[in-house]
1. How many residues, within the stretch A:14-30, are within 17 Å of residue A:124 (Cβ to Cβ) and either within 16 Å of the ligand (Cβ to nearest atom) or within 11 Å of another protein chain (Cβ to nearest Cβ) (or both)?
2. Which ones in the stretch A:103-135 are at the interface with chain B (Cβ under 10 Å from one of its Cβ atoms) and in a loop (DSSP other than H, G, I, E, B)?
3. Residue B:52 fails exactly one of the following numbered conditions: (1) free of Cβ contacts under 8 Å to residues at least 60 places away in the same chain; (2) in contact with a Leu (Cβ under 8 Å, 6 or more places away or on another chain); (3) surrounded by fewer than 24 Cβ atoms within 10 Å (Cβ to Cβ). What is the number of that condition?
4. For the stretch B:153-164, which residues satisfy the criterion of being closer than 27 Å to residue B:192 by Cα and surrounded by fewer than 24 Cβ atoms within 10 Å (Cβ to Cβ)?
5. Select, from B:138, B:165, the only residue that is touching a Pro at 6+ places or on another chain (Cβ under 9 Å) and either in a loop (DSSP other than H, G, I, E, B) or more than 14 Å from every other protein chain (Cβ to nearest Cβ) (or both).
6. Please pick out the residue among A:33, A:37, A:51 that is away from chain B (no Cβ under 12 Å), buried (at least 18 other Cβ atoms within 10 Å of the Cβ), away from the ligand (no atom under 16 Å from the Cβ) and not β-branched (Val, Ile, Thr).
7. Residues that are surrounded by 20 or more Cβ atoms within 10 Å (Cβ to Cβ), more than 14 Å from the chain's Cα centre (by Cα) and away from the ligand (no atom under 16 Å from the Cβ): does the stretch A:65-74 have at least one?
8. Under the condition of being surrounded by fewer than 18 Cβ atoms within 10 Å (Cβ to Cβ) and among the acidic types (Asp, Glu), which residue from the stretch B:255-274 is farthest from the other protein chains (Cβ to nearest Cβ)?
Amino acid sequence: MSEELAVEPKPLPKPGDPLHQQYWAFCNEERLCFQKCTGCGLWRHVPRDMCAKCWSTDWEWVESSGKGKLYTWTVVERPMHPAFFPDVPYASIIVELEEGVRMVSMMRDLPMDELKVDLPVEVLFERASDTVVLPYFRPVQK
Amino acid sequence: MSLKDKAAIVGIGETDYVRGAGRTEVDQMVEAARKAIADAGLTRDDIDGLMPPPVLTYTEELAAKLGIQELKWASVVAMGGATSTAMLQNAAMAVASGIAKNVVVVLGWNGYSALRPKPGVPPGRINGPFAFENILQDFYAPFGVTLPVQFYGWLATRHEYVYGDQTEAKAAIAMAFRSNAQLNPKAITRGRPLSLEEYMSSRVISSPFRLYDCCVETDGACALVITSAERAKDMPHRPVYISGVAEGHPYPADDIPSREDMLKVGIHSAAPRAFEMADIKVTDADFIQIYDCFTNIVVMQMEALGLCEPGGVADFVKDGALEVGGKCPINTHGGLHSQAHVWGMNHLIEATKQLRGDAGEAQVKNAEVGIITGWGDLGDGSVAVLRR
Ligand SMILES: [Zn+2]
């Protein structure tokens, strides 16, 4: 890989949608929060203005336990986006949280050959810039 | 009213498929459209309907550059790689209803030159956003997921977890498409067959995709002319009828993780509707052109079409089944994997050639019925049944 390409910064969330902004504002306080419908009780992610199940427009942000299970992943060896070249190999993962929602993250503190479906994981936060904190996951600490 | 056999493909056009076209997408689209219009025995004054691709150009720009002065109808389908085959449904509706007489369907892009930075290759022009851009930007990209090879990797990993390792099936698919491409003069991999050893030793790009699980990146454009079945009878070429066509969307279509069943994709709902319209079974097809961005995605579509039970593809593909001359030829031109990546418009061009009897060395004997699939964005699907 050519060094001259590795100058672009990593893509960070640039939320224009006010709900996306609120999600990331909670992350900035190291809190993983999701919307919970006050009409039918369903948790949801990604953020949306209305519950697509019961059409209620009432909801609240509720903090997640941050614990869940690994649902699927891809181990990236050739990232295409130059900013991720130094990180390879990395596992981009989908986690199913205890509350039922699934989200995209990246695995920390686990060799790539130990990734397995249903592995118990927990959130950890890492600051990526002055304004952005990203939620990553690692195996549940015994 | 059923759309069955109400519209036909009567003209095809394609540019060369290259790495480094050195010109804009729309310039290549204009070339492909001009060729398709000429192939149909028409002039631009006969064209009154236009279907440009999403993102890469606009109706107004394309019509202006082609000199189409009396445009009556235009429509854009935005389903990523499922766009091409899904556009047949819209074009057929337009000509069957009489809203337009002759519709040009066109798609081209600089999939090699403009997709990602390369030293010495100038970037392409800036185009508009795509359907799930906000979700990709705010929830996927920060974790290193910016492209299909990564987010389809999630689907493929999950599929292999549920239905078992697919290495055998994937190797056979990659080698069959590469073998078919050796028969195609426009295939960018012509002269470079693929051995099992090369496949197995190829580097991982994003698991479970190795290099040879991935399609090629090329620049190029394709176009079709679609008209009504009545008018098609008097055109220069044997008409290729749109016998069945449908699109399908996973739910929700704009986000993969939140799907209840991540392995249920658009093709699962599109295929039965397309087959019912055409009144065929999947086994009636003389050939199939499957949207082959990645081999695992071919596996998932073969299952969704009903060619075999989930997990059964490795058995199905044995003994050269997918090669020209095999029991179920798939991607007789080499597909996105080995011919070129034009969002599957090249699949429709090849299907039309097969049904005209013009497929050269790759001709499937007495081909009467072909199935074409499209797959795109986060798992949108489209299926067409074409017959001569
Ligand atoms: Zn609700």
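1. Pass one, the stretch A:14-30, residues within 17 Å of residue A:124 (Cβ to Cβ): A:24, A:26-30.
Next, from what is left, pick out any that are either within 16 Å of the ligand (Cβ to nearest atom) or within 11 Å of another protein chain (Cβ to nearest Cβ) (or both): A:24, A:27.
Within the stretch A:14-30, residues that are within 17 Å of residue A:124 (Cβ to Cβ) and either within 16 Å of the ligand (Cβ to nearest atom) or within 11 Å of another protein chain (Cβ to nearest Cβ) (or both) number 2.
2. First, pick out the residues of the stretch A:103-135 that are at the interface with chain B (Cβ under 10 Å from one of its Cβ atoms): A:103-107, A:112, A:115-118, A:128, A:132, A:134-135.
Those that are at the interface with chain B (Cβ under 10 Å from one of its Cβ atoms) and in a loop (DSSP other than H, G, I, E, B): A:115, A:116, A:117, A:118, A:128, A:132.
3. The failed condition is (3).
4. Of everything in the stretch B:153-164, nothing turns out to be closer than 27 Å to residue B:192 by Cα and surrounded by fewer than 24 Cβ atoms within 10 Å (Cβ to Cβ).
5. Values: B:138 fails: either in a loop (DSSP other than H, G, I, E, B) or more than 14 Å from every other protein chain (Cβ to nearest Cβ) (or both).
Selected residue: B:165, the only one of B:138, B:165 that is touching a Pro at 6+ places or on another chain (Cβ under 9 Å) and either in a loop (DSSP other than H, G, I, E, B) or more than 14 Å from every other protein chain (Cβ to nearest Cβ) (or both).
6. Unique residue meeting the criteria: A:33.
7. yes
8. B:261
No value in this document is a laboratory result; all are computed from the given coordinates. These numbers come from a predicted model, not from an experiment. Please note: Cβ atoms are built from the backbone with ideal geometry, for glycine as well, and neighbour counts cover all protein chains shown.
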